[in-house]
1. Treating the beta-carbon of each Lys and Arg as +1 and of each Asp and Glu as -1, no other charges, what is the dipole magnitude of the chain about its Cα centre, to the nearest 20 debye?
2. What number, in nm² with one decimal, is the all-direction average of the projected area of the convex hull of the alpha-carbon atoms of region 356-575?
3. Test of understanding: extend the Cα→C-beta vector of residue 203 to 7 Å, then name every residue of region 160-182 with backbone N under 18 Å from that spot.
4. Using alpha carbons only, how many degrees (0 to 90, rounded to 10) separate the axis of helix 444-469 from the longest principal axis of the chain?
5. Given the peptides 253-260, 84-91, arrange them by the average over their residues of other C-beta atoms within 10 Å, most packed first.
6. For residue 243 and residue 141 in one chain, what is 0.36 nm times their gap in residues minus the Cα-Cα distance, to one decimal in nm?
7. Calculate the FRET efficiency for residue 552 and residue 122 from the Cβ-Cβ distance with a Förster distance of 30 Å, rounded to the nearest 0.05.
8. May I ask which of 210/236; 49/87; 165/222; 73/222 have a Cα-Cα span longer than 18 Å here?
Amino acid sequence: MKKLLFVVVSLLLMVHCMSKSQSYDSIRGWTILSKSYSDAVKVIDASDKYNINHLQLSHELLMDLREMKNETKRTVVNTLIDRAHIKGIKEVVLWDHSLYDMDYYPKKYRTGPDSTINLDNRAFWEFFKQDYRDMMALVPNADGLVLTFIETGTRAENQYSQQLKTGAEKLAYIVDQVASVVCDELHKKLYIRTFAYTDAEYEITIGSIKHIKNKNIILMMKETPHDFFLTHPNNKYAGIFDRPTIIEFDTGNEFNGQGIISNTWVEYVTKRWKNYMQRDHIIGYVARTDRYGDTRLVGKPNEILLYALKRSTEQPNITDDKIYDEFIIKQYGDKALKEIKAAFKLSFDIVTSSLYTLGTNTANHSALNYDPYNSSYGRHVSGKWLNPPTVYVEHNVNREFDYWKDIIQHIAPAKLKSKTGPLKNEAPYVLTNNWVTDQEGMTEEYLNYIIIEKNYGIEKAQQALSLIEQSKTKIDIEKYNQLYQLFYRTLLTTKLHSAVAKAYWGYRIYTRGGSFVTPELSGTISQALNDINSISQTIENYKEYYPIGQWNWKDDAKMARQYYDWITLGTWKEYNYIKFDPND
């Protein structure tokens, strides 16, 4: 009897320990976005070195499960699923969005007001679930789905229902119907992606999660509140729900260089991940391994970001210096450790002083585009997620700014600060509090801050490239060339951003006329325009291989020349066709 009691107690303790051990390292995942089969194979084949047990196939491979009805796409996806399983990745899941575009659903189900879907119609849900059974049958070895259910082709919250009273209830019901097939019938995994662009949208998202009934659903939340910006805070909602949650990291750096320039910052990754590891309900991470095309991290210097997640998961108390040392020695040997490590550590400040301006991202998915890319001045402003909305900008500026009253008020085009502009939806409180005005706010004071910051970026990029050059005789020549070209492209990027920033924001002041037009301002604009020509030509003449993802790095030179023409030919409508003559 005592022996039996001992066994029972031991089993209970074991179960308790097992439940407690569902910790941050349960899921170690990667996501492949690119449709490049050869790159996907290289990523999958490297997964065993990182103990990857979870793989997501997404974006160019498939955004919606319905794409598996295309035989060509289905063949590629099924081949990658099987290869991943052979390589030891236990769980391969596919991205999906629901609801799809309205035209996907037969008209007989669109009987609500304004031809919306009648969510109270049982026949619709029978069609809906059978469709999922049929689609899942096309990818039989897939282990589940990653479902985006918010801001999809057909917004569920806008469909008709008398039974489902709120948008949150409608969204939750969609999720539960997918789960009834994927989890309950097929016994596969269902992850749901949660994100929003504003606090108001988060209220619906959070509310919908509370209404979801299926207990098998796992949450997937971004490392940041909405999109992946280096200046955003951590996602405050991650870990607050009593559901297993994984954190999505954008190590592919959609907005920060896409691996085409140096993205070798360990500290940024470990700081975020170590914070999440301390939170309840976090059971792992999934990291993006590319940003389309051939921008994969594996086999390149920026792979250090994947390594940082791996090592800080295995050993939470590991130092950032230790991670740098291990990766660099593995890849390049120990003779050039000092130089390469120092160069890698400069990358964060380089990118945040070139693709960012005074603490806010001013690049269009990494591409040079200050104006008219509206999102930089509303949707993507980190101040939306900070209270108070302030940032201390280093980069030799060394000043605290209010994101709205200082930064957006001055650097945003006037039209984007109007009562009918994007701030109306993105951050209406900015308008009601009169933190910005709808007149041109650019001044020489703020131009000087921008010049200081952009010059700082060039200085650090030159320093990093010099350090890499010092490693030439100490490492393999092919690896040296890869490092050199990465940091050389980074330097050219900082120079081009500096030139265009000076010309663009300087021109904005110039168009104000009168006392705003000073000899110093005209000299700054003239020099910047000359720099645009020379740097653009250097980039256009670049003959070395460079990866191309969503961002084609060479296209920045074309955009820079567009700014040159707008300014010097007087063809910029938004600025009343005012012409700046660099020869005056």
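Just so it is clear, none of the values below were taken in a lab; they were calculated from the coordinates. Bear in mind that the values here come from a model prediction, so they are computed numbers and not experimental data. In this analysis, Cβ positions are derived from the backbone assuming ideal geometry, glycine residues included, and neighbour counts consider all displayed protein chains.
1. Using Cβ point charges on Lys, Arg, Asp and Glu, the chain gives about 1340 debye.
2. 13.5 nm²
3. 165-172
4. Relative to the chain, helix 444-469 is tipped by roughly 70 degrees.
5. 253-260, 84-91
6. Taking 0.36 nm per residue and subtracting the Cα distance, the gain is 34.2 nm.
7. The pair residue 552/residue 122 has a calculated efficiency of 0.05.
8. In this structure, 165/222; 73/222 exceed 18 Å between Cα atoms.
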